[in-house]
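Peer 1: Quick one: the structure is below, questions incoming.
The values are calculated or read from the model by the stated rules, or taken from the named source; none is laboratory data. As the structure is a computational prediction, the values presented were derived from the model and not from experiment. Note: ideal-geometry Cβ built from the backbone for every residue, glycine included; neighbour counts use all protein chains shown.
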Amino acid sequence: MKAVVVTGDCRIVIKELPVPEITEYEVLVENLYGSICTGTDLQIIDGTLRGIQYPAMLGHESVGRVIRIGEKVKNYALGDLVTSAGAKADVNRGLYSHWGGFAEYGVATDYRVLLEDGLHEQELMPYKCNQKIPADLPPLEATMIITWRETLSYISRVGVASGDNIMLLGSGSVGLAFANHIVNLGAQCIVIGNPCMKGYFSDIGVHHFYDYKHEDVVKQIQSEHHSSFNCLIDAVGSAEYTQKLLALLPGRGKVGVYGLKQVEDYKISPLSHKGSITFCNYGYDPEEVHEQVVASMLCHQLCASNWYTPQSVFVMDEIAEAVEQLRQRKIMKAVIKIK
């Protein structure tokens with residue numbers, strides 16, 4: 001099979017590898033499409049994400065079809081569409097998986113059977129990204145499910161609700177996902193980001209967008225918004241801007257940092273804020289909102305067309321070009337046709 005691999009000197013190559021073997025709790029999946037994560041995947045390509053071993057098989061936002069089933073599997077059938085099936089690491093070849101979704105074949109785990117057979121709940125987290133999706137959802141569009149699940153789970157845990165006023169720092173594909181959920185929940189969203197992305201946010205109903213490079217964006221927001229904000233979500237990992245925007249939070253406001261690149265490098269001074277703030281380090285669980293995301297797709301509250309255009313689709317051999325277009329902000333999101 002073919003798989004996308006990032007080498008130790010940060011080159012993207014296509015390698016020919018054996019099709020993965022499966023255990024009795026796993027299914028073999030023929031991957032159809034996978035989208036490039038502008039956070040994790042690009043950091044792996046750049047060599048800036050700590051803890052990554054190279055050469056690394058890339059990709060975690062894939063959708064494919066089950067073609068083989070392990071003996072103990074109960075919750076998958078042949079032909080099922082499943083998310084985030086990745087190729088396994090091959091240590092004998094010196095090849096690591098982070099997380100191997102851009103491979104023609106990947107493996108998904110029936111973690112519910114593992115739970116029945118005694119595996120502890122906390123040990124199941126790596127497998128909860130594997131979820132079935134309805135057969136009538138187009139696989140290309142379904143690659144967005146991974147981003148939508150993580151972001152919806154995150155803001156649900158933060159407690160975003162109808163009527164809230166939310167500040168969102170970041171205007172990439174993750175920021176757009178957060179904004180879409182905030183609008184769907186009936187909250188007001190203002191975005192601080194790159195003006196070239198403003199149109200994407202207008203299309204989903206965000207009407208307050210501020211240029212992060214404005215000389216005094218805090219005063220600009222204060223002059224136009226007189227109601228207080230409940231929460232600030234940093235979708236990019238910018239401590240500098242989060243620190244500035246704290247001035248707009250009232251006492252007992254919430255701060256959620258989702259786009260955290262390096263934990264030890266992210267420093268803010270909460271004592272400079274006049275009131276108390278709650279730092280929301282709640283993480284996310286893709287399983288807990290999977291059905292909600294699928295339902296939102298089926299009723300068109302979440303539409304992949306707000307991220308993808310025909311120009312966003314590439315074949316596997318074009319993945320380096322897709323990465324370059326993302327870096328130049330020519331497209332919001334890139335999807336790779338795998339099979």
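Peer 1: State yes or no: is residue 174 assigned by TED's automatic domain parsing to the domain that holds residue 236 and in contact with a Leu (Cβ under 7 Å, 6 or more places away or on another chain)?
Peer 2: Judged against the criteria, residue 174 is not a match.
Peer 1: Taking the stretch 46-65, which residues are crowded, with 20+ Cβ neighbours inside 10 Å, farther than 20 Å from residue 148 by Cα and touching a Lys or Arg at 6+ places or on another chain (Cβ under 9 Å)?
Peer 2: Passing the criteria: only 57.
Peer 1: Would you kindly identify the strands (runs of 3 or more DSSP E) lying entirely within the stretch 240-334 that contain at least 2 residues that are surrounded by 20 or more Cβ atoms within 10 Å (Cβ to Cβ)?
Peer 2: The qualifying strands (runs of 3 or more DSSP E) are 253-257.
Peer 1: Looking only at residues that are touching a residue at least 40 places away in the same chain (Cβ under 8 Å) and not in a strand (DSSP E or B) in the stretch 222-239, which one is surrounded by the fewest Cβ atoms within 10 Å (Cβ to Cβ)?
Peer 2: That would be 227.
Peer 1: Among the listed residues 203, 285, 211, identify the single one that is under 17 Å from residue 170 (Cα atoms) and touching a residue at least 60 places away in the same chain (Cβ under 8 Å).
Peer 2: 203
Peer 1: Which residues, taken from the stretch 89-130, are assigned to a loop (DSSP other than H, G, I, E, B) and either surrounded by fewer than 21 Cβ atoms within 10 Å (Cβ to Cβ) or not assigned by TED's automatic domain parsing to the domain that holds residue 319 (or both)?
Peer 2: 89, 94, 104, 117, 118, 119, 120, 128
Peer 1: Now for a separate question. Examine the stretch 203-213 for a residue that is assigned to a loop (DSSP other than H, G, I, E, B), on the phi < 0 side of the Ramachandran plot and among the small types (Gly, Ala, Ser), and state whether such a residue exists.
Peer 2: no
Peer 1: Filter the stretch 192-211 down to the residues that are crowded, with 18+ Cβ neighbours inside 10 Å and more than 22 Å from residue 325 (Cβ to Cβ) and list them by number.
Peer 2: 192, 206, 209, 210
Peer 1: Output the strands (runs of 3 or more DSSP E) that fall wholly within the stretch 1-82 and possess 3 or more residues being at negative phi, at pLDDT 95 or above and over 19 Å from the mean Cα position of the chain (by Cα), or say none.
Peer 2: In the stretch 1-82, 2-6, 12-16, 26-35, 61-69 are the strands (runs of 3 or more DSSP E) which contain 3 or more residues that are at negative phi, at pLDDT 95 or above and over 19 Å from the mean Cα position of the chain (by Cα).
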